[in-house]
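Participant: For reference, the structure I am asking about is given below.
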Amino acid sequence: MTILPTGELYLTPLQYDALYARKPLPGISLDIPVWDSADPSPTVVRWHDAGLITGQVLDAGCGTGSNAVWLAQHNYQVTGFDAAPHALDIARTRANDDLPVRFTIADAIDLKLPTAYNTVIDSALYHCLTIEQRQVYIRELHRVCRTDARLLMTCVSEALPTTLPGPFRITRDELYATLPPAGWAITDITPGVISVAFTLDLLRTVCAAINLPEPSGDEVAFSGGFAQFPAWEVVAERQN
């Protein structure tokens with residue numbers, strides 16, 4: 001695990017897999033994937049309700065499958081990919097054999113997938129990658145999508161204080177610098193939130209372990225005991 005001075009954490013696929021296997025990371029008191037939830041993302045539900053999800057769906061960085069399974073229950077044909085085998089094991093146990101969903105191991109920057117998808121859901125993968133990886137990943141999504149595809153993405157924004165642990169902070173300018181050159185026309189960017197299973201006590205424990213200042217609790221909002229990290233909700237259309 002790499003800890004940057006800005007409080008940004010970069011984990012390798014093996015480290016993500018260790019968290020899904022409930023193995024604590026060395027030097028940090030964190031043995032759960034704090035971004036994981038058994039429920040679908042409220043943002044994904046809103047996108048569904050707004051009619052933005054159509055056709056064959058690719059759930060990028062699907063984790064334990066909560067979004068993919070929920071979408072399949074709503075009659076979408078869904079493929080979920082992740083680099084963490086333990087996450088996919090959990091996802092497969094959530095999906096019964098009757099659901100139109102499959103899960104596969106894949107590298108986000110080298111997608112061995114067919115050109116088949118009308119909608120991509122990225123619910124917190126983009127911000128886990130370095131800037132160089134993000135640029136390749138967005139091009140890879142363009143390559144495996146059909147000509148009329150839509151990208152729906154949620155990522156942590158630069159509004160998350162640098163005194164708190166989190167993934168790479170993504171700016172609006174960076175989204176515009178990365179998506180359009182890779183063939184995605186951004187049609188909407190809206191401020192939102194990502195719920196993270198950080199209680200204030202756990203947040204303080206993690207900050208102490210990685211030498212960040214002790215948070216007072218005012219740096220981020222909490223709802224139902226969960227930290228609400230500021231995020232961007234992005235809608236983009238594939239261009240030829």
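Participant: Enumerate the amide H contacts of Val193 below 5 Å, restricted to partners 5 or more residues apart or on another chain; note that Pro and chain-start residues carry no placed amide H.
Facilitator: Ala231
Participant: Treating segment 2-238 as a set of equal point scatterers at the Cα positions, no solvent, please give the Debye-formula log₁₀ I(q)/I(0) at q = 0.11, 0.16, 0.17 Å⁻¹.
Facilitator: Here the Debye-derived log intensity ratios amount to -0.53, -1.18, -1.33.
Participant: Further question on the same structure: In square nanometres and to one decimal, what's the mean projected area of the convex hull around the Cα atoms of segment 30-111?
Facilitator: Computing the convex hull of the Cα atoms and averaging its projections yields 5.7 nm².
Participant: Ranking Leu164, Leu152, Leu14, Leu52 by Cβ neighbours within 10 Å, fewest first, what do you get?
Facilitator: Sorted ascending by nearby Cβ count, the order is Leu14, Leu52, Leu164, Leu152.
Participant: Moving on to the next point. Hey, got the dipole for the chain? About the Cα centre, +1 on K and R Cβ, -1 on D and E Cβ, debye to the nearest 20? Intermediate values should be presented prior to the final figure.
Facilitator: Numbers: 16 positive and 27 negative charges, 87 e Å.
Here the size comes out at about 420 debye.
Participant: In whole Hz and in residue order, list the ³J(HN,Hα) couplings for segment 49-62 that follow from phi through the Karplus curve 6.51 cos²θ - 1.76 cosθ + 1.60, θ = phi - 60°; x for Gly and Pro.
Facilitator: 4, 7, x, 7, 9, 9, x, 6, 10, 10, 9, 7, x, 5
Participant: So what's the back-of-envelope 222 nm ellipticity for the chain, counting only DSSP H runs of four-plus at -39500 (n - 2.57) apiece and dividing by all residues, rounded to 500? Intermediate values should be presented prior to the final figure.
Facilitator: Values: 7 runs with 65 residues, N = 240.
The helix contribution divided over the chain gives -7500 deg cm²/dmol.
Participant: Please list, ordered by chain and number, the residues whose modelled amide H lies under 5 Å from the amide H of Ala149; skip anything fewer than 5 residues away on the same chain.
Facilitator: For Ala149, the qualifying residues are Arg238.
Participant: Right, next: Antiparallel DSSP bridges in the chain: what percent, to the nearest 5?
Facilitator: 55
Participant: Classify segment 189-240 from the C-alpha gyration tensor, please: rounded if a/c falls under 1.5, else prolate or oblate depending on whether a/b exceeds b/c.
Facilitator: Prolate is the answer for segment 189-240, as a/c is 1.5 or above and a/b outweighs b/c.
Participant: Let me ask something else about it. Rounded to two decimals, what is the ratio between the C-alpha radius of gyration of segment 20-157 and 2.2 N^0.38 Å?
Facilitator: Details: Rg = 14.5 Å, N = 138, 2.2 N^0.38 = 14.3 Å.
This ratio for segment 20-157 stands at 1.01.
Participant: Could you give each residue of segment 212-217 its phi-based ³J(HN,Hα) in whole Hz, using Karplus coefficients 6.51, -1.76, 1.60 with θ = phi - 60°, and x for Gly or Pro?
Facilitator: Working through the residues one at a time gives 9, x, 5, x, 8, x Hz.
Participant: Using amide H atoms built in the peptide plane, which far-off residues or other-chain residues are under 5 Å from Cys62 H to H?
Facilitator: Amide H neighbours of Cys62: Phe81, Asp82.
Participant: Just name one of Ser37, Cys62, Pro100: the one whose Cα is farthest towards the positive end of the charge dipole of segment 30-111 (beta-carbon charges, Lys/Arg +1, Asp/Glu -1).
Facilitator: Pro100
Computed from the coordinates by the stated procedures, all read-outs in this text should not be read as laboratory data. All figures in this text were calculated on a predicted structure; none of them were measured in a lab. Glycine also receives a Cβ, built like all others from the backbone with ideal geometry; neighbour counts cover every protein chain displayed.
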